[in-house]
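Input: a single structure, listed below in structure tokens.
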Amino acid sequence: MVDHPAKKPPSRPIEGGLIVLAFALFALFMVAPAYYVFKGSFQSLSISIASGSAGWTLKNYFYIFSEGYHIYVINSFLVCLTATALACAISLFAAYALSRFRFRGRGLVFGAIMGGQLFPWIILINPIFILFARNGLVNSHLSMIFIYTAVITPFSVYLLVGYLTTIPKSLDEAAIMDGASRFKIVTQIIMPLIMPGLVATATYGFLQAWSEYLLALTLLSDESKKTLPLGLYQYFGEDTVNWGALMAGSAIATLPTLLLFLPLQKKLVSGLTQGAVK
Amino acid sequence: MKTYSAQAQERFSAFFMLFPTFFVIISFYFYPALYNLELSFTDMEFTQLRTGGDWVGFENYIEFFTSNDSFNVAFNTVFWLTAVSVTLRLFLGLLFALLLNSKMLSSLKLSTLSRLFLLVPWATPPVVSVIAWRWMLEPIGGPVNEFLLYTGIISEAISFTADLATVWPTIVTIMVWNTTPLVAVSLLASLQTIPDDQIEAASLDGATRWQQFRFVTLPYLMPTLSVLCLMSIIWTFNNFIYVWLTTLAGPGTYTNVMATEVYMKAFVDLRLGYSSAVGVSMAIILAAFGALYFRVVGLSRMQDKVG
């Protein structure tokens, strides 16, 4: 079914075959694990092993929700959405200041924020745990919100600085002439203009918080406070593994990230690689 | 407000706009990092949460650098966790990018589909990736073992996460699966910036396919590749989640890495001081890579970016 013979690639049957084979292997490697989890979440495992195949069932989903899985879902949404909103707000102003003002030590400030992006959180778990435990801040969603804000902020500033450079400074200058304050400029002129960039930044931040495990593990031990990744992993029992529950829980934990990724992938890529590709 | 000069007002705004971010960075990064340094010179244990430990000088560091387990931990971290996984991730990422960029694939109308496939692991949270692969490799009922048994390649199911020969390759596979798409997509974006006439000119000059790749394509990708490489090293070296969720650093302590050592010493052995010393040692190694990263990305280039 080739409509444009001119565009037809040179016929190299071996190379073509290799590419199709490579594509098949690539597709299998990328999709198979997710496919099996999704499929498994709708099957009753004991039956499927015995008979080789089994009908569809919602048993696993009913089971995890009867065990209180929705608490983790709610906790995760609460903590991650609030942290993302906070991080975006403070990052927008910081990014604006970095891209529009010149002051001594600006390079240092930007470097410090960039350093935060590469910072190994594992070395902060002891001090943060001790400081929080002393002040009764463990097992608190408010602490998690602040920590996740701190986790998300450096990269958000980096992304937003990138988006802000695409907006001409003459706009700001015109607004200043009209007597607008800098804060007004950010909230009323800049924000609507970089909305797409801000949405991409927020999405990325939300995904970072959504899949965070280590800090949640360190600071949350109360069952009613746990976030999704912690709650999900509990279905690996001491001796037995509840695969059905794990798969249903996994499907629910991945759904929001998948839905967010699809529309935003192009924007994310350009934001991520802006430092490298010039 | 007329009493302030315009310049003073600008300074005022800059300060207030940067203050919240700065506050967050200082209270959640700098202050805890310094406190961690202080902890590493004490013998603080979990029972001393409120009182704090006693000053022991370099004792924790000496213990870490002279203990036999540490060699194993350092080797696992440097070789398996970082070197092997980063190399494979970059290699596969490059391969995938070239595949997705090939004309054959777009003429078969598979480009969009393959980009979608790439999104699947990327959008999967690490916890779910570990669960998915542990199920794939499960001895009873797991698809990989079922397939190998069915085709007769093996006669007895392999317990991938319990067998010492397969446990590291398993962890590396999970990491590579979850993180390669980012590399592939970034490289694909740079591949698409290569002008077609460059490749055509090379092929007119009689360059073989390999030469075209080696002397035209690769130089174009080099800046992206080097940034990706350093970023991967830094993010992987201190990674905790894949090893912890796949094996809990086991069997025994066979797959223990520095990050899991920090966690276990603090929250299993309850030795916060010693754990902090391991953390500081890690941070020093990372700082070296961080410095290299800033060199490659170029602080100067960041300055261009900010104006």
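Just so you know, all these numbers are worked out from the coordinates, no wet-lab data involved. In this text, all values refer to a predicted model and were calculated from it rather than measured experimentally. Virtual Cβ from ideal backbone geometry, glycine too; neighbours counted across all protein chains shown.
Which aspartates and glutamates have a Cα less than 15 Å from the Cα of A:Lys226, not counting those fewer than 8 places away in the same chain?
Within reach: A:Glu67, A:Glu212.
If a helix is a whole DSSP H run, which ones in chain A reach 20 Å or further along their own axis (Cα) and hold a mean Kyte-Doolittle hydropathy of at least 0.0?
Numbers: long enough: A:13-41 (41 Å, 1.51); A:69-100 (46 Å, 1.41); A:141-164 (32 Å, 1.60); A:195-210 (22 Å, 0.78); A:243-273 (38 Å, 1.11).
Helices meeting the span and hydropathy rule in chain A are A:13-41, A:69-100, A:141-164, A:195-210, A:243-273.
When only C-alpha pairs under 8 Å and at least 6 residues apart count, what is the relative contact order of chain A, in percent?
30
Run the quick spin-label model on B:Glu45 and A:Met195: label points 7 Å from Cα toward the beta carbon, then report their separation in nm to one decimal.
Going from the B:Glu45 label point to the A:Met195 one covers 6.0 nm.
Say R0 is 35 Å: what FRET efficiency, to the nearest 0.05, do B:Glu146 and A:Phe77 get from their beta-carbon distance?
E(calc), rounded to 0.05, equals 0.45.
Rounding to the nearest 20 debye, state how big the charge dipole of the stretch B:42-306 is about its Cα centre with +1 on each Lys and Arg Cβ and -1 on each Asp and Glu Cβ.
Here the size comes out at about 840 debye.
Divide by every residue of the protein assembly as shown the summed helix terms, -39500 (n - 2.57) for each DSSP H run of at least 4, and state the resulting mean residue ellipticity at 222 nm, rounded to the nearest 500 deg cm²/dmol.
-22000 deg cm²/dmol
List the aspartates and glutamates whose Cα sits under 17 Å from the Cα of A:Lys39, skipping any in the same chain fewer than 8 residues away.
B:Glu138, B:Glu146
Using only the C-alpha atoms of the protein assembly as shown, find the volume of their convex hull and express it per residue in Å³.
Per-residue hull volume (Cα only) is 197 Å³.
Based on the alpha-carbon gyration tensor of the stretch B:1-110 and its eigenvalue square roots a ≥ b ≥ c, which shape applies: rounded if a/c is under 1.5, prolate if not and a/b is larger than b/c, or oblate?
Values: a/c = 3.99, a/b = 1.09, b/c = 3.68.
It is oblate, given that a/c is not under 1.5 and a/b is not larger than b/c.
To the nearest 20 debye, what charge dipole does the stretch A:131-256 have about its Cα centre, counting +1 at the Cβ of each Lys and Arg and -1 at the Cβ of each Asp and Glu?
300
Among A:Leu264, A:Leu142, A:Phe101, whose Cα sits farthest toward the positive end of the charge dipole of the protein assembly as shown (+1 at Cβ of Lys/Arg, -1 at Cβ of Asp/Glu, about the Cα centre)?
In the protein assembly as shown, that residue is A:Phe101.
Cα gyration tensor of the stretch A:130-249, axes a ≥ b ≥ c as square roots of the eigenvalues: rounded (a/c below 1.5), prolate (a/b > b/c) or oblate?
prolate
Residue farthest toward the positive end of the dipole of the stretch B:42-306, with Cβ of Lys/Arg at +1 and Asp/Glu at -1: which of B:Leu228, B:Gly57, B:Ala162?
B:Leu228
To the nearest 20 Debye, how big is the dipole of the protein assembly as shown about its Cα centre, given +1 on the beta carbon of each Lys and Arg and -1 on that of each Asp and Glu?
Once rounded to the nearest 20, the dipole reads 2000 debye.
What residue among B:Val86, A:Phe42, A:Ala83 has its Cα farthest toward the positive end of the dipole of the protein assembly as shown, where the charges are +1 on Lys, Arg and -1 on Asp, Glu, each on the Cβ?
Of the listed residues, the answer is A:Ala83.
Within the set of other residues whose C-beta is less than 12 Å from the C-beta of A:Gly231, count the net charge using Lys and Arg as +1 and Asp and Glu as -1.
Details: positive: A:Lys225, A:Lys226; negative: A:Glu67, A:Asp222, A:Glu223.
Every neighbour counted, the sum reads -1.
Could you check the simple spin-label distance between A:Phe65 and B:Ala201, using points 7 Å along Cα→Cβ, in nm with one decimal?
6.2
Rounded to the nearest 0.05, what FRET efficiency do B:Val78 and B:Leu218 give with R0 = 30 Å and r taken as the Cβ-Cβ distance? Could you check?
Working from the Cβ atoms, E equals 0.70.
Assign one of three labels to chain A, namely rounded, prolate or oblate, based on the Cα gyration tensor with a ≥ b ≥ c the square roots of its eigenvalues; rounded applies when a/c is under 1.5, prolate when it is not and a/b is larger than b/c, and oblate otherwise.
oblate
Please give the FRET efficiency for B:Ser155 paired with A:Leu28, using the beta carbon to beta carbon distance and R0 = 30 Å, rounded to the nearest 0.05.
Computed FRET efficiency for B:Ser155 and A:Leu28: 0.80.
Grab the alpha carbons of the stretch B:42-306, take their convex hull, and tell me the volume per residue in Å³.
It is 198 Å³ per residue.
For chain B, what's the relative contact order in percent, using C-alpha pairs closer than 8 Å and at least 6 residues apart?
27
Within chain B, which complete DSSP H helices have Cα atoms spanning at least 20 Å along the helix axis and a mean Kyte-Doolittle hydropathy of 0.0 or higher?
Span-like helices in chain B: B:6-25, B:85-101, B:164-191, B:218-237, B:272-297.
What range in chain A is the longest one free of chymotrypsin sites (Phe, Trp or Tyr not before Pro) that are in a loop by DSSP and have at most 14 other Cβ atoms within 10 angstrom?
A:104-278
With a sphere of radius 15 Å drawn around the Cβ of A:Ile185, what net charge do the other residues whose Cβ falls strictly inside it have (Lys, Arg +1; Asp, Glu -1)?
Here the count lands on 0.
So how do B:Val130, B:Val172 line up by other beta-carbon neighbours within 10 Å, fewest first?
B:Val172, B:Val130
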